1. Can you name every residue in region 186-210 that is touching a strand residue (DSSP E or B) at 6+ places or on another chain (Cβ under 8 Å) and more than 24 Å from ILE111 (Cα to Cα)?
2. Report the residue count in region 185-233 for those that are without any contact (Cβ under 8 Å) to a residue 60 or more places away in the chain and acidic (Asp, Glu).
3. What helices (runs of 4 or more DSSP H) completely inside region 57-139 contain at least 3 residues that are under 12 Å from the mean Cα position of the chain (by Cα) and at pLDDT 80 or above?
4. So if I check each of ASP243, ASP237, which one is free of Cβ contacts under 8 Å to residues at least 24 places away in the same chain and either surrounded by fewer than 22 Cβ atoms within 10 Å (Cβ to Cβ) or not aromatic (Phe, Trp, Tyr) (or both)?
5. Those residues that are out of contact with any His (no Cβ under 8 Å at 6 or more places or on another chain) and part of a loop (DSSP other than H, G, I, E, B), I need them from region 184-204; list them, please.
6. Taking the condition out of contact with any helix residue (DSSP H, G or I) (no Cβ under 6 Å at 6 or more places or on another chain), surrounded by fewer than 22 Cβ atoms within 10 Å (Cβ to Cβ) and on the phi < 0 side of the Ramachandran plot, does ARG198 pass?
7. Look at region 205-254 and say how many of its residues are outside any loop (DSSP other than H, G, I, E, B), over 20 Å from PRO132 (Cβ atoms) and among the β-branched types (Val, Ile, Thr).
Amino acid sequence: MDTAEHGTSRKRLFIGLIAGTCTLVCVLLALLWVIPYIGLRNIHPYAPWVLGAILGTLFVLVLWASLGLLLSVLSPRPLPLAQRMRGVTVKLLLPLMSLLGRALGLSKEDIHTSFIKVNNELVLRELGRFDPSRILLLMPHCLQNSRCEMRLTYDVDNCKRCGTCPIAALLELRDRYGVHLAVATGGTIARRIVVQKRPKVIIAVACYRDLASGIQDTYPLPVFGVLNERPNGPCLDTLVPLDNLEAALTRFIKP
C-alpha cells in the first residue's frame with residue numbers, strides 16, 4: 001500500500017470512530033433521559049423535562065462538535081472555529097475513540113495513527129507560515145545511536161556529527177533553515193523545552209504512542225507529527241524520514 005492509500009485508510013478509520021463514538025454518546029444520553037423518566041415524574045412533575053432539556057442540550061452539542069469535526073476533516077479548506085474543532089478532537093474524542101476502538105478489537109497503533117493523520121491535516125489548514133525562530137523541531141532521544149556516549153538532551157550541539165545516527169542530518173537541517181532543534185527523553189523535558197523556546201508550531205518526531213500523548217499535552221499549541229521508523233524495534237536506534245520532515249518544515253516556514 002502506497003503512502004497516499006495508507007493516509008486515506010487512516011482518515012477513514014478516524015471518521016468511522018468519530019461517527020461510532022458520537023452515536024454511542026447520543027444513545028447513552030437518550031437512555032439517561034428515558035430510563036429514569038417514570039421515577040423522576042414521581043419526584044416532581046417537571047423533573048423529567050428539566051433533565052430532558054439538559055440532556056437535549058448535551059445531545060445537540062455532541063452532534064454539533066462531531067459534525068463540525070467531520071466537516072473540518074473532509075473539507076479541503078479551513079472552516080471557522082478550526083482550532084476549537086482540533087481541541088474537541090484532542091481533548092474529548094481521542095479518549096472516547098480509543099475506548100471504542102479497543103472494544104472493537106482495533107490496535108492502539110491504528111487508532112493513534114489515524115488521530116495523528118487527522119490532527120496534521122487540521123494543523124495544516126489552521127496555520128500559516130512563521131519565522132524560523134518560531135518553529136521547533138522536537139526529536140526523541142531514541143534517534144541517537146545507542147552506543148553513543150554524548151549527552152544531547154540539554155545541548156544537541158554536543159553531537160560530534162559522526163553520521164552514525166540521524167542527529168547529524170537533523171543538525172544540518174536546522175542550520176540550513178535556522179529553526180530550533182531539541183532532543184527530549186520524555187514529556188517533562190519536552191514541556192520545559194517548549195516553555196523555553198516558545199514556538200508557534202512544533203514539528204515532532206516520535207512513535208505513534210508518544211506523538212498522540214504529546215499532541216494532547218501541548219494543546220492548544222499546534223503539533224505536526226511525523227512518525228519515526230523503527231527497524232530495531234521501539235525505542236532503539238530509530239530513524240527519521242527526513243524527506244517528510246523537511247516537507248513539513250518548508251510548509252510552515254516563511255520563504
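1. Scanning region 186-210 gives ILE193, VAL194, LYS197, PRO199, LYS200.
2. 2
3. Hits in region 57-139: 108-126.
4. Going through ASP243, ASP237 in turn, just one is free of Cβ contacts under 8 Å to residues at least 24 places away in the same chain and either surrounded by fewer than 22 Cβ atoms within 10 Å (Cβ to Cβ) or not aromatic (Phe, Trp, Tyr) (or both): ASP243.
5. GLY186, ARG198, LYS200
6. For ARG198, the condition - out of contact with any helix residue (DSSP H, G or I) (no Cβ under 6 Å at 6 or more places or on another chain), surrounded by fewer than 22 Cβ atoms within 10 Å (Cβ to Cβ) and on the phi < 0 side of the Ramachandran plot - is not met.
7. Here the count works out to 1.
The values are calculated or read from the model by the stated rules, or taken from the named source; none is laboratory data. Computed from a predicted structure; not experimentally measured. All Cβ positions, even for glycine, are placed from backbone atoms using ideal geometry, and neighbour counts span all protein chains on display.
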